[in-house]
Amino acid sequence: MPSSMNVRALFTLALGLALSAGAQTPGAAYSAEQLDQLLGPIALYPDPLVAVILPASTVPSDIALAANYLMANGALGGIDAQPWDASVKALAHYPEVVKWMNANLDWTEALGAAFAQQPADVMKSIQQLRAQARAAGTLVDTPQQRIDAQGDDIRIVPGEPNTIYV
């Protein structure tokens with residue numbers, strides 16, 4: 001009978017193989033449907049937050065470091081002194097987002113790959129998801145955010161200039 005350590009190692013290996021089997025091939029383009037599914041969790045976030053999440057997702061190792069720092073009760077004032085990418089430093093001021101991205105690291109890596117390989121398609125997908133939400137009546141002005149639509153461009157801006165709600 002295998003030891004619990006060997007069973008865990010086998011399970012981890014099997015899980016890794018299963019996840020990599022469904023992963024995107026490096027250099028392969030994501031379909032519009034794949035992008036919509038990938039961007040669904042963040043498409044309705046305010047633009048300033050999306051503008052930080054996308055580049056931060058290209059450095060998932062820094063996301064993991066930032067999550068560990070925040071979970072160890074790292075002071076928000078010490079973030080700027082960390083050796084992380086500037087986008088991750090900016091994102092670290094939203095601990096829940098960093099922790100979620102770290103808990104969903106496969107998603108984070110896929111988002112980073114999509115943004116690095118297909119930035120225009122990523123932005124197009126975000127706009128399409130926002131248009132669908134607006135047509136469904138779920139994307140509306142609130143005290144926390146303002147929706148600014150000009151043609152096909154839908155911007156989500158904070159209701160208060162210095163506060164972003166997730």
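The values are calculated or read from the model by the stated rules, or taken from the named source; none is laboratory data. Owing to the predicted nature of the structure, the values given are computational and were not obtained by experimental measurement. Ideal geometry is used to build each Cβ from the backbone, glycine not excepted, and the neighbour counts take in all protein chains shown. Side chains are part of the model used for accessible areas, which takes the heavy atoms of the whole protein and leaves out ligands, DNA and RNA. Shrake-Rupley method; radii C 1.70, N 1.55, O 1.52, S 1.80 Å.
Observations, loosely collected:
- Residues being among the hydrophobic types (A, V, I, L, M, F, W, C), at pLDDT below 95 and open to solvent by 20 Å² or more (accessible area, probe 1.4 Å) are represented in region 29-36 by at least one member.
- Residue that is most open to solvent (accessible area, probe 1.4 Å) [pool: residues in region 60-93 that are in a loop (DSSP other than H, G, I, E, B) and touching a helix residue (DSSP H, G or I) at 6+ places or on another chain (Cβ under 6 Å)]: D85
- Among the residues listed as N102, N162, the single one being without any contact (Cβ under 8 Å) to a residue 40 or more places away in the chain and touching a Ser or Thr at 6+ places or on another chain (Cβ under 8 Å): N102
- On inspection, D62 passes the criterion of being more than 11 Å from the chain's Cα centre (by Cα) and modelled with pLDDT of 95 or more.
- Residues being within 18 Å of A120 (Cβ to Cβ) and either in a helix (DSSP H, G or I) or open to solvent by less than 40 Å² (accessible area, probe 1.4 Å) (or both) - total across region 38-59: 11
- Condition met for L70 (touching a Pro at 6+ places or on another chain (Cβ under 8 Å) and over 22 Å from L38 (Cα atoms)): yes
- Residue match in region 141-152 (condition: open to solvent by 50 Å² or more (accessible area, probe 1.4 Å) and within 15 Å of V52 (Cα to Cα)): no
- Residue list for region 108-121, restricted to those being farther than 15 Å from V50 by Cβ and open to solvent by less than 60 Å² (accessible area, probe 1.4 Å): A110, A113, Q118
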